[in-house]
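The values are calculated or read from the model by the stated rules, or taken from the named source; none is laboratory data. Small disclaimer: the values here were computed from a predicted structure and weren't measured. We place every Cβ from the backbone using ideal geometry, glycine too, and count neighbours over all the protein chains shown. The protein model used for the area step is the full one, side chains on, heavy atoms only, and it has no ligands, DNA or RNA in it. Shrake-Rupley method; radii C 1.70, N 1.55, O 1.52, S 1.80 Å.
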Amino acid sequence: MAQLLTQPTEEDPRAFVDAIAHPVRRADAVVLLDLMGRATREPAVMWGPTMIGFGSYHYRYASGHEGDALAVGFSPRASAQSLYGLLAAPGAEALLPRLGRHRRGAGCLYVTSLAGIDLDV
């Protein structure tokens, strides 16, 4: 069975965020660290070199492939914050129209700036 590349690491999520060169991306990542930490009551953990996760879950497919993944989290990418695990939440579909400016991927949301997002949603 193949080893997953995205595994929890010992790297410090705050140090990773502090090293983000883009000032808006860095400021948004600080807000997401706090917001997701408060919402999940889980510590921030680096998953691989660029993803910050809060909590985890184990999955197993009918094929026998299994592993662990972050429950929710984000990655400050060059063009947007990638938000993971939010679409699986009960009622998520109903909240998306109220969220603000975002794009949707297969399993994540892309947010260019938190300034265009309703953080209460």
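Listing for the model above:
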{"read-out": "Test: PRO97 is at pLDDT below 90 and not charged (D, E, K, R)", "value": "no"}
{"read-out": "Those residues of the range 63-76 which are part of a loop (DSSP other than H, G, I, E, B) and in contact (Cβ under 8 Å) with a residue 24 or more places away in the chain, in sequence order", "value": "GLY64, HIS65"}
{"read-out": "VAL17 surrounded by 17 or more Cβ atoms within 10 Å (Cβ to Cβ) and under 12 Å from the mean Cα position of the chain (by Cα)", "value": "no"}
{"read-out": "Subset of the range 77-107 [farther than 22 Å from HIS22 by Cβ, part of a loop (DSSP other than H, G, I, E, B) and over 15 Å from the mean Cα position of the chain (by Cα)]", "value": "PRO90, GLY91"}
{"read-out": "Complete set of residues in the range 88-101 that are open to solvent by less than 60 Å² (accessible area, probe 1.4 Å) and under 20 Å from ASP28 (Cα atoms)", "value": "LEU96, LEU99, GLY100"}
{"read-out": "Yes/no for MET51 being of a type outside the set (Gly, Ala, Ser), open to solvent by less than 80 Å² (accessible area, probe 1.4 Å), out of contact with any Pro (no Cβ under 6 Å at 6 or more places or on another chain) and in contact (Cβ under 8 Å) with a residue 40 or more places away in the chain", "value": "yes"}
